[in-house]
């Protein structure tokens, strides 16, 4: 869909720059009494506050977009409320439920983490990038890890939060409500929660400049960068190329699978010719990938509401997204596609190539670059490789971005 009027092209960056105030009260859900000195933060941002003696809080300048407002208090469960910040001030009340535990009560841990399971978790959660190697978990004893050998699934949760100190970007991330899962059979990793970012104190001006440079590097080519560029009609200008990728069923696979089962049922020694046939048929994949080389127009990747204020991610099949303005991390070693057959050609190393799968017909892209439902997309290849080492707050804006201070 194309805009009918030129001035609408300027609307989206202006919406991204819109800000408003957010205030409210944190209360006990049973007594309704205000809770003084409770922690309140906007998940995935550096925006945090502490309630007054009257249990109130205020955020003066919040960029437009959807956020999870989270409140934390000793002896209470987390409270979370999803809000959409527009151009008018908002007020809300967060009610925290008591946990029933007494202050200072000792929590007995049933068993220690298996060291190998914990090592797998840190590699999958923090990542393997150059920046990830400069990340450390500050409270490992608060992470509870379990591995189920029957389902080959590794799961992890945190008592309160997981603290990650990122010395590459200069952020301390407290990841509240972590739910982590890795299914090794399906080779799928998922994790979500409500993280809050805290600025670390640099040792001096040199480290501050390095953090600024690293943050800009982490942003360029990231998923949020892609969504903001798509929303602002700036894909090409920002260095992105999106192509349609189809996974097509291989009609030869059914025949190959039937022949293999028939030969194996015979339970005898195979001749050289039969062994050669087995090897040839075993290489037939159930599906293969079909990449359309023509770049997709921005309006084939999204739907814009009639008033131009809302943008929805929407596309057919899958997307291969290439970022042309930077190469991949030195530790990235792309794997040949599991849909390919035979020797794989050398994979390009000079660009960042990612894959995006939409799990529902469409999902709204918020003004801050976040999806209304972050679980609506699945990422693979380079975006799947990047983890906590490149994790930036939603209110981060790189130098030169509209409304950057």
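What's the total number of residues in region 311-324 that are in a strand (DSSP E or B) and either farther than 19 Å from residue 246 by Cβ or out of contact with any helix residue (DSSP H, G or I) (no Cβ under 8 Å at 6 or more places or on another chain) (or both)? Before the answer, list the steps.
Of all residues in region 311-324, those in a strand (DSSP E or B) come to 311-313, 318-323.
Filter again for either farther than 19 Å from residue 246 by Cβ or out of contact with any helix residue (DSSP H, G or I) (no Cβ under 8 Å at 6 or more places or on another chain) (or both), leaving 311-312, 318-320, 322-323.
Matching residues across region 311-324 total 7.
Among the listed residues 71, 95, which satisfies the condition of being more than 23 Å from residue 373 (Cα to Cα) and either out of contact with any helix residue (DSSP H, G or I) (no Cβ under 6 Å at 6 or more places or on another chain) or not in a strand (DSSP E or B) (or both)?
Exactly one of 71, 95 is more than 23 Å from residue 373 (Cα to Cα) and either out of contact with any helix residue (DSSP H, G or I) (no Cβ under 6 Å at 6 or more places or on another chain) or not in a strand (DSSP E or B) (or both), namely 95.
Could you check residue 141 against (1) assigned to a strand (DSSP E or B); (2) within 20 Å of residue 112 (Cα to Cα) and say which number it fails?
Every condition holds for residue 141 apart from (1).
When you scan region 180-200, do you find a residue that is assigned to a loop (DSSP other than H, G, I, E, B), at pLDDT 90 or above and buried (at least 18 other Cβ atoms within 10 Å of the Cβ), even just one?
Checking region 180-200: not a single residue is assigned to a loop (DSSP other than H, G, I, E, B), at pLDDT 90 or above and buried (at least 18 other Cβ atoms within 10 Å of the Cβ).
Any residue that is part of a strand (DSSP E or B) and either out of contact with any helix residue (DSSP H, G or I) (no Cβ under 8 Å at 6 or more places or on another chain) or modelled with pLDDT of 90 or more (or both) - is there at least one of those in region 381-394?
yes
The values are calculated or read from the model by the stated rules, or taken from the named source; none is laboratory data. Keep in mind it's a predicted model, so treat the numbers as computed, not measured. In this analysis, Cβ positions are derived from the backbone assuming ideal geometry, glycine residues included, and neighbour counts consider all displayed protein chains.
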